[in-house]
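The values are calculated or read from the model by the stated rules, or taken from the named source; none is laboratory data. Computed from a predicted structure; not experimentally measured. Note that each Cβ is placed from the backbone with ideal geometry, even for glycine, and that neighbours are counted across all protein chains shown.
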Amino acid sequence: MSHVVVAGGAGGGAHGGAGGGAGGFREVKNPATPYTASPLDGYPSSPNRVTVTATSFPIIVGGGGAGGCNTKGVSGGVSTFSTVTSAGGGGGGGGHPAPNYVDGASGGSGGGAGCSSGKSGGSGNTPPVSPPQGNNGGATGDPFGGGGGGGATAVGAVCATIGGAGGAGATSSIIASPTAYAGGGGGSKPSIPADGGGAGGTGGGGKGGNTSGTMPSNSQGTTNTGGGGGGNHGGPPAFGANGGSGIVIIRYKFQ
């Protein structure tokens, strides 16, 4: 039997906001199953495997975290299948002006750091599993921008001339066509008249933006991918984007 368990992505921060971290990504591919797994196949570690029997198995699909309003984003929800647990993504930092700047939260993948020099991205792979379920969020050395949320296979980028890009997710063919999951959200940075938002990571990560009010230019994490939401700069009020819900996929030979 093979499975993919992706937790909910985190919401992006706002008003100098960072990208939300992707939900934790865990996969096990039975060698007998004919598909191409992601680089994070945990089959070699026996604690990652689940043996199918004629009984019920508890399954929880984590929801995406809400984007912040002039503050940090909310972390994503946990996903579980039997004994396998993936941690929700860490909320993206935010909260301009001082002293509300905050670091990214830790989680499956860490949220990016909110605006202000010296802030840190959240830690990924929290709690730790092997292979790692995610990566750290990006830091920021810029007083007005946010780092990218971490993704399943890459850290979030540091905010520089534009908001930090979200870390890349992981691609699996467990549902036949190759599909990417658990990309980090992009961070924000003002760059008027151009949009200074960082790109979302492949695997459903939302783009960062820099607009105010109820029509932000940032985007939400994609539903059923565990992608992190994009951060937003403009405001107040400014709104970070919501993270995408996670997903649990089980593949086994019936007969």
Looking only at strands (runs of 3 or more DSSP E) that fall completely inside the range 145-255, which ones have 3 or more residues that are of a type in the set (A, V, I, L, M, F, W, C)? 247-251
Given (1) in contact with a Leu (Cβ under 9 Å, 6 or more places away or on another chain); (2) surrounded by 24 or more Cβ atoms within 10 Å (Cβ to Cβ), Gly92 misses just (1)
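So in the range 211-230, with the set limited to residues that are modelled with pLDDT under 95 and within 20 Å of the chain's Cα centre (by Cα), which one is nearest to Thr179 (Cα to Cα)?
That would be Ser219.
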Report whether or not Pro127 is in contact with a Leu (Cβ under 8 Å, 6 or more places away or on another chain), at negative phi and surrounded by fewer than 24 Cβ atoms within 10 Å (Cβ to Cβ). no
For a quick check of your reading of the model, give me the residue pairs whose first member lies in the range 29-53 and is small (Gly, Ala, Ser), whose second is surrounded by fewer than 15 Cβ atoms within 10 Å (Cβ to Cβ), with beta-carbon atoms closer than 9 Å and at least 6 apart or on different chains. Ala32/Lys253; Ala37/Ser173; Ser38/Ser173; Gly42/Ser130; Ser45/Ser130
Output the residues belonging to the range 108-124 that are surrounded by fewer than 24 Cβ atoms within 10 Å (Cβ to Cβ) and closer than 18 Å to Ala7 by Cβ. Ser123
